[in-house]
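Worksheet: the structure to be examined is printed underneath.
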Amino acid sequence: MGIPLALFAFGQAGLQRATLMFVIITFLQYSLGIYILNGRGNWTEIFRLPLIYAALAGLSVNLAQISLPEVLLRPIIMLGQATIPIMLISLGYRLHEVESLQWGHALGGALARIGGGFAAANLAVHLIGAEGVNRQVLLLYGALPAAVVNFVLTEKYRQDPGLAASIVVISTFISIFTIPVVFWLIL
């Protein structure tokens, strides 16, 4: 959600910063997040997932300024575009009954994600002295709802995926109201 919002609000400069933020956050989710979910102590699991290798390959291709042939690029783009719908279908399957929402803890988690994330981003912005578009994108990312990938990871590692799915749904609903406020504060 952060990349299109940053493009909408801050143009190409916002898109670049948001993409970098996405890569950093995803890397942390698939390294530190997996370390925490997998029971603290099994770092080898991180290296069994293709994301680390895909990120390194993508970074290498980008830094080397290699242009991929269209015959290779098109399937890669199509696979990338299929990822989010597949995660959303998994989330919908988990929440196929309204009763499966865990309201109490999920509401707390959603508020902590949005409010706590914005507060932490605000602190980080002040500590590092970020200004302009960098500041705006950091604050926007701090206020985003919980990502669907969090549900996917909790499902994979059997760490209360129902709660994670509930937090994703509730924080996404809350963000309908909070994202405009965040834009008003940071623009």
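Residue by residue, here is whether (1) without any contact (Cβ under 8 Å) to a residue 12 or more places away in the chain; (2) surrounded by fewer than 20 Cβ atoms within 10 Å (Cβ to Cβ); (3) under 19 Å from residue 33 (Cα atoms); (4) of a type outside the set (Gly, Ala, Ser) holds:
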| residue | (1), (2), (3), (4) |
| --- | --- |
| 126 | yes, yes, no, yes |
| 142 | no, no, yes, no |
| 147 | no, no, yes, no |
| 163 | no, yes, yes, yes |
| 176 | yes, yes, no, yes |
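When the range 33-43 is filtered for residues that are touching a helix residue (DSSP H, G or I) at 6+ places or on another chain (Cβ under 9 Å), surrounded by fewer than 16 Cβ atoms within 10 Å (Cβ to Cβ) and either of a type in the set (Gly, Ala, Ser) or within 29 Å of residue 132 (Cβ to Cβ) (or both), only 41 remains. Residues of the range 16-27 that are surrounded by fewer than 19 Cβ atoms within 10 Å (Cβ to Cβ) and at pLDDT 90 or above: 16, 25. Beta carbons closer than 8 Å, at least 6 apart along the sequence or on distinct chains, pair a first residue in the range 35-52 that is over 18 Å from residue 154 (Cβ atoms) with a second that is at pLDDT below 80 and among the β-branched types (Val, Ile, Thr) for 52/46. Note on the range 106-130: residues that are closer than 16 Å to residue 20 by Cβ and part of a loop (DSSP other than H, G, I, E, B) amount to 1.
Rundown of residues vs (1) at pLDDT below 90; (2) under 23 Å from residue 25 (Cβ atoms); (3) of a type in the set (A, V, I, L, M), yes/no style:
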| position | (1), (2), (3) |
| --- | --- |
| 56 | yes, yes, yes |
| 84 | yes, yes, yes |
| 88 | yes, yes, yes |
| 111 | no, yes, yes |
| 119 | no, yes, yes |
| 126 | no, yes, no |
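Yes or no, residue by residue, for (1) of a type outside the set (Ser, Thr, Tyr); (2) closer than 24 Å to residue 48 by Cα; (3) in contact with a Pro (Cβ under 7 Å, 6 or more places away or on another chain):
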| residue | (1), (2), (3) |
| --- | --- |
| 83 | no, yes, no |
| 136 | yes, no, no |
| 147 | yes, yes, no |
| 166 | no, no, no |
| 173 | yes, no, no |
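Every residue, every condition in (1) at pLDDT 85 or above; (2) within 25 Å of residue 172 (Cβ to Cβ); (3) of a type in the set (S, T, N, Q); (4) surrounded by 12 or more Cβ atoms within 10 Å (Cβ to Cβ), yes or no:
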{"position": "8", "(1), (2), (3), (4)": "yes, yes, no, no"}
{"position": "11", "(1), (2), (3), (4)": "yes, yes, no, no"}
{"position": "29", "(1), (2), (3), (4)": "yes, yes, yes, yes"}
{"position": "45", "(1), (2), (3), (4)": "no, no, no, yes"}
{"position": "50", "(1), (2), (3), (4)": "no, no, no, no"}
{"position": "63", "(1), (2), (3), (4)": "yes, no, no, no"}
{"position": "66", "(1), (2), (3), (4)": "yes, no, no, no"}
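Looking only at the range 165-187, residues that are modelled with pLDDT under 90 and under 30 Å from residue 134 (Cβ atoms) come to 1 in all.
The values are calculated or read from the model by the stated rules, or taken from the named source; none is laboratory data. Keep in mind the model is a prediction, meaning the values are calculated, not measured. Virtual Cβ from ideal backbone geometry, glycine too; neighbours counted across all protein chains shown.
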